[in-house]
Amino acid sequence: MRITGTGHASMRIDTDAGSILCDPWVNPAYFASWFPFPDNSLLDWETLGDVDYLYVSHLHRDHFDAEHLLRFISKKATVLLPEYPTSQLEDELRDLGFTSFFRTKSDEVHELDGGLKVMIQALISPTDGPIGDSSLWVEHDGVRLLNQNDARPSDLSRFAELGHVHAHLLQFSGAIWYPMVYELPTAAKTAFGKQKRDRQFDRTWRYIDDLKADHVFPIAGPPCFLDDELWQFNDIFGDEGNIFPDQSVFMSEYAKVGGTNGVVLLPGSVSDVTAGSIETTHPTDVDEFFANKKAHLEEMRDRKAPIIAAEKASWRHPEIDVLGELKKRIEPLLEESIYLAKGVGGPVRFDLVNYDGDAIESIVVDFPGKQVRAYADEKVRYRFRTQRELIEHLIFIDEGDWVNSLFLSCRFSAARIGQYNEFVYAFFKCLSEERLQYAEGWYDEHEKSVDAEDTHLGDWTVQRRCPHLKADLSRFGIVEGNVLTCQLHGWKFDLPSGKCLTSVGHKIRAEKTNP
């Protein structure tokens, strides 16, 4: 099995029974804030895109690059489609000209032509990607690969059941806006960033240890930030709170925990994997490349500047009545929302900075009142500040997922009183009838389900599944004193009271084994 690195979470998998291109992303994403690093735009995409199969793991724009898929990827390719609850991924691929789809069943092995076997595990909670994320398992001629990309399954047991994995490709770096955008003192922001950076690595080590593959490939990150307004987010300043470590940092940290089987893929790197060996070639010296990371980023910044400028010029739509249009789009969804609206529990304020950079228009999405209105000087627990033109553009393109656009762009600042609230972000990724109804149904089923199975952690008996997204706490749970931490997403619980310490809701069932 041959694995060709094509940047970020993208790779081409070649076997004697066919080729699979995964998640090709080249063009800037999220309001021109994210770019692939190392740069992959100069690869021979005409050749790379001539494949038998296409796998797009989910709709996040650093995995689903519509412009690139349209221009370079063969429309003769058969799409390996995850089993998602909505048809949006298939619909968008059909709009790009793809006509051949192989609809997989989650966790079910499918045999394709020539003995090529694939399995896609679909994650379908409202907080998984843009309503869904997935991982791809591939087997041919006794060699097995797991492309986990940035999916976070509760465990990898289903893949391990299918036989020893030889190549495990998984995320290790950040892909979020926390804590950089929060209006916090620098010291606090650094401390929270370090916690998140450490937690990302801990989660990665746990997945690696679960699967025990022969070879581990760090992929799906980090992006780079080439706009001067976002340049500080690149991990080139010695900031221990930066959540975007690169592959060279992964290799260093992996060595500290005893890892000796890591393999870096640059764009253009090729790994030939057999059941007993691996041989990897690179287009340039890997260590030297990362030693000169800042120079590479500066060269990319100069080269991509016209692209960023052109995108920025397209965002302004002064003819749009922002308040009126948001009322028209969001108020019907608020009327239908039960679980999400209750979960948010209060008004969310958006401060829009006008073109001159000074004037502010403040708009409130009032979840209890089921309305969108002008801010009336009331106290709010959740506040966002961003450029007016970004909201104008979201309205102009009728964007139904503000997470997969505004929030991942990091082109905003945020403040909150109290804990993180997942329902805020869940609602703003569900700004369509289909998505909202799915999310409401999922939370309805989730809230009514009772997990009676227990596990023992230290001196405590707790429910085995995390109340957040049902991670197996016998594998991901760590107890320190009276606090339980689920390492999968870093959620914390006070065991004596059952209260979640990191978010609203999600009480855990627990009792002292030996009072």
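The values are calculated or read from the model by the stated rules, or taken from the named source; none is laboratory data. Since this is a predicted model, take the numbers as computed values, not measurements. Positions of Cβ are generated from backbone atoms using ideal geometry, with glycine treated the same way; all protein chains shown enter the neighbour counts. Note: areas computed on protein heavy atoms with side chains; ligands, DNA, RNA excluded. Shrake-Rupley method; radii C 1.70, N 1.55, O 1.52, S 1.80 Å.
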Report summary line: Magnitude of the Cβ-charge dipole (Lys and Arg +1, Asp and Glu -1) of segment 170-260 about the Cα centre, nearest 20 debye, reported as 380 debye
Query raised in the report: Can you give the charge dipole size of segment 3-121 about its Cα centre, rounded to the nearest 20 debye, using +1 on the beta carbon of Lys and Arg and -1 on the beta carbon of Asp and Glu?
Result: 120 debye
Query - Nearby lysines by direct alpha-carbon distance to K189 (threshold 25 angstrom, same-chain neighbours under 8 apart not counted) - result: K293, K294, K379, K492, K499
Report summary line: Each label sits 7 Å from Cα toward the beta-carbon; between E279 and K507 the label points are separated, in nm, by 6.2 nm
Report summary line: So for segment 76-231, using the alpha carbon gyration tensor with a ≥ b ≥ c as root eigenvalues (a/c under 1.5 gives rounded; past that, a/b versus b/c decides prolate or oblate), I'd call it oblate
Report summary line: Among K76/K212; K76/K304; K328/K370; K194/K256; K194/K312, the pairs whose Cα-Cα distance exceeds 24 Å are K76/K212; K76/K304; K194/K312
Requested in this report: Mind checking which of F102, P267, I243 is farthest towards the positive end of the chain's charge dipole, using Cβ charges of +1 (Lys, Arg) and -1 (Asp, Glu) about the Cα centre?
Outcome: I243
Requested in this report: Compute the signed sum of charges (Lys and Arg +1, Asp and Glu -1) over the other residues within less than 11 Å, Cβ to Cβ, of G241.
Outcome: 0
Query raised in the report: To the nearest 20 debye, what is the magnitude of the charge dipole of segment 346-426 about its Cα centre, counting +1 on the Cβ of each Lys and Arg and -1 on the Cβ of each Asp and Glu?
Result: 400 debye
Report task. Taking H placed 1.01 Å from N in the peptide plane, check which residues at least 5 places from S19 or on another chain put their amide H under 5 Å from its amide H. Result -> D52, Y53
Report summary line: Projected area averaged over all directions for the convex hull of the alpha carbon atoms of segment 245-374, nm², comes out at 15.2 nm²
Query raised in the report: Which of G441, V380, F412 sits closest to the plus end of the dipole of the chain, meaning its Cα is farthest towards the positive end, when Lys and Arg get +1 and Asp and Glu get -1 on the C-beta?
Result: V380
Query - Prolate/oblate/rounded label for segment 10-109 (Cα gyration tensor, a/c 1.5) - result: oblate
Query raised in the report: Using alpha-carbon pairs under 8 Å, 6+ residues apart, how would you state the relative contact order of segment 251-359 in percent?
Result: 10 percent
Report summary line: Asserting the computed 222 nm helical MRE of the chain (DSSP H runs at least 4 long, -39500 (n - 2.57) per run, divided by residue count, to nearest 500) equals -8500 deg cm²/dmol
Requested in this report: Enumerate the calculated ³J(HN,Hα) couplings along segment 116-130 in order (Karplus 6.51 cos²θ - 1.76 cosθ + 1.60, θ = phi - 60°), each rounded to whole Hz, writing x wherever the residue is Gly or Pro.
Outcome: 6, 10, 9, 9, 10, 9, 9, 9, 10, 6, x, 9, 8, x, x
Requested in this report: May I ask you to compute the full-extension gain from W231 to K294, defined as 0.36 nm times their residue separation minus their alpha-carbon distance, rounded to one decimal in nm?
Outcome: 21.6 nm
**Report entry** Prolate/oblate/rounded call for the chain, Cα gyration tensor, a/c under 1.5 rounded
**Finding:** rounded
Query - Contour excess over end-to-end distance, with Cα ends at S41 and E453 and 0.36 nm allotted per residue - result: 143.4 nm
Query raised in the report: Over the chain, what is the relative contact order in whole percent, taking alpha-carbon pairs under 8 Å and six or more residues apart?
Result: 13 percent
Query raised in the report: Excluding same-chain residues fewer than 8 positions from K75, which aspartates and glutamates have a Cα within less than 13 Å of its Cα?
Result: E46, D50, D52, D95
Requested in this report: Leaving ligands, DNA and RNA out of it, rank D39, D198, D44 by accessible area with a 1.4 Å probe, largest first.
Outcome: D44, D198, D39
Report task. Report the antiparallel proportion of the DSSP beta bridges in the chain as a percent, rounded to a multiple of 5. Result -> 70 percent
